[in-house]
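The values are calculated or read from the model by the stated rules, or taken from the named source; none is laboratory data. Quantities reported herein were computed from a predicted structural model and do not represent experimental measurements. Using ideal geometry, Cβ is built from the backbone for each residue, glycine included, and neighbour counts are taken over all protein chains shown.
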Amino acid sequence: MREKAYLVLQNGRVFEGRRFGAVGDVYGEAVFTTAMTGYVETLTDPSYHGQLVVQTFPLIGNVGVMEEDFESEYPQLSGYIVREACDVPSNFRCQKTLDQYLKESGVVGICGVDTRAITRLLRSSGVMQACILSKLPEDMDALLQKLADTPALNSVPEVTGLRLKEETPENPVVMMDFGYKESILSCLESRGLAVKVVPADMDAEKILAMNPRAVMLSNGPGDPALNIKPIQTIRTLMDKKLPMFGICLGHQLMALAMGASSSKMKFGHRGENQPVIDQRDGRLFITSQNHGYALDIDSLPACAKPLFINANDHTLEGVIYTDRPAFSVQFHPEASGGPRDTAFLFDDFLKLIQGGKN
């Protein structure tokens, strides 16, 4: 029988459940994802750094854990919240159970809670700070004040530069690492591109000294406006008019470098069922997303045109720059857990590198 554990939200709501994974107390921003598949990718996605992730799908762990699906070397989230954790997975690729993996990785989990109720609360009130505890404190007011006073984290320094390679290919595609997913690297390399991954704080001069043929801006966690130095670097690289492609946080940073602004969303987009509309021809695509901030569409400079718009809430999902070979998207065309409707964007990037029209 699993030991009791408690999820405490900033607004005072308490959910009693059972502990699985590592033992300990953890704090972070409570967010939810509607993804029905790809929980291994969710666990290892650096964009979830420092967050307590609620899975809306009721059964998690039914196919176990397999390293082949990892997006980074180890879990990046702070805590994991599920309705039911499967202890007997069934999959020919399974290497270990979810509980074993979380224990080995030091990730605290809680199961047996009403994730539907938690999700409805986060949708109505917005994402908020929370904690997973072994026992409730005597002074609950002090705990809630601690949660309310938690400052916004700049998580990029915590996730960048962890998976760099020493060698530098000739005329590489330089990928600025804000917490990149392995699937992005795979999508680039599968198209014959030699990639050099560099940390987020690398100077523009050092990047240009590599004589790059293009620049890739990766995904990553947190508030884009906190990344002051990377924004300055991207602005310099944009002025050189190198082919450039940004995904998720990279999409936001590219626009901020050109003078746009961003703002925090009420509960963000996290899941694999976000519909976006291509503004060029009206086609609709289903996409995978993971972000809590969005660009303010009215703040785009004259050279930036909307490329994709979210069909649900009409937020900006993509930008194309008319005066240089650069574009970006808020969603994940590389999503290894699917859908892969927009993987063609990597082909568009390749054509841009080869001298095609933006």
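Quick notes
- Test result for Val276, touching a Leu at 6+ places or on another chain (Cβ under 6 Å) and at pLDDT 95 or above: no
- Check on Glu41, among the acidic types (Asp, Glu) and either in contact with a helix residue (DSSP H, G or I) (Cβ under 7 Å, 6 or more places away or on another chain) or outside the structural domain of Lys103 (by TED's automatic domain parsing) (or both): yes
- Just one residue in the set Asp201, Asp177 is within 18 Å of Ser328 (Cα to Cα), acidic (Asp, Glu), at pLDDT 95 or above and not assigned by TED's automatic domain parsing to the domain that holds Gly38; that residue is Asp177.
- Among residues that are among the aliphatic types (A, V, I, L, M), surrounded by 15 or more Cβ atoms within 10 Å (Cβ to Cβ) and assigned to a loop (DSSP other than H, G, I, E, B), Val113 is included.
- Test set (1) of a type outside the set (Gly, Ala, Ser); (2) within 22 Å of the chain's Cα centre (by Cα); (3) farther than 25 Å from Gln10 by Cα - Arg120 fails condition number: (3)
- For the range 84-92, the condition of being without any contact (Cβ under 8 Å) to a residue 24 or more places away in the chain and either aliphatic (A, V, I, L, M) or in contact with a helix residue (DSSP H, G or I) (Cβ under 9 Å, 6 or more places away or on another chain) (or both) holds for at least one residue.
- When residues in the range 294-326 are screened for being of a type in the set (D, E, K, R) and crowded, with 16+ Cβ neighbours inside 10 Å, 2 of them pass.
- Test: residue in the range 160-167 that is closer than 21 Å to Pro333 by Cβ and either within 24 Å of the chain's Cα centre (by Cα) or surrounded by 21 or more Cβ atoms within 10 Å (Cβ to Cβ) (or both): yes
- Checked against (1) modelled with pLDDT of 95 or more; (2) closer than 24 Å to Gly38 by Cα, His314 meets all criteria but (2).
- Out of Ala5, Ala85, Ala35, Ala30, sole residue that is touching a strand residue (DSSP E or B) at 6+ places or on another chain (Cβ under 7 Å), surrounded by 15 or more Cβ atoms within 10 Å (Cβ to Cβ) and under 21 Å from Pro339 (Cβ atoms): Ala35
- Each residue in the range 191-208 was checked for being within 22 Å of Pro46 (Cα to Cα) and touching a strand residue (DSSP E or B) at 6+ places or on another chain (Cβ under 8 Å), and 7 pass.
- Of the criteria (1) modelled with pLDDT of 95 or more; (2) closer than 21 Å to Thr42 by Cα; (3) among the small types (Gly, Ala, Ser), which one Gly161 fails: (1)
- So Leu143, is it surrounded by 14 or more Cβ atoms within 10 Å (Cβ to Cβ), free of Cβ contacts under 8 Å to residues at least 24 places away in the same chain and touching a strand residue (DSSP E or B) at 6+ places or on another chain (Cβ under 8 Å): no
- Flag if Asp347 is within 29 Å of Thr42 (Cβ to Cβ) and modelled with pLDDT of 95 or more: yes
- The helices (runs of 4 or more DSSP H) found wholly in the range 190-277 and carrying at least 3 residues that are in contact (Cβ under 8 Å) with a residue 12 or more places away in the chain and crowded, with 21+ Cβ neighbours inside 10 Å occupy 228-239, 249-257.
- Meets criteria (of a type in the set (A, V, I, L, M), loosely packed, with under 15 Cβ neighbours inside 10 Å and closer than 27 Å to Gly292 by Cα) for Ala130: no
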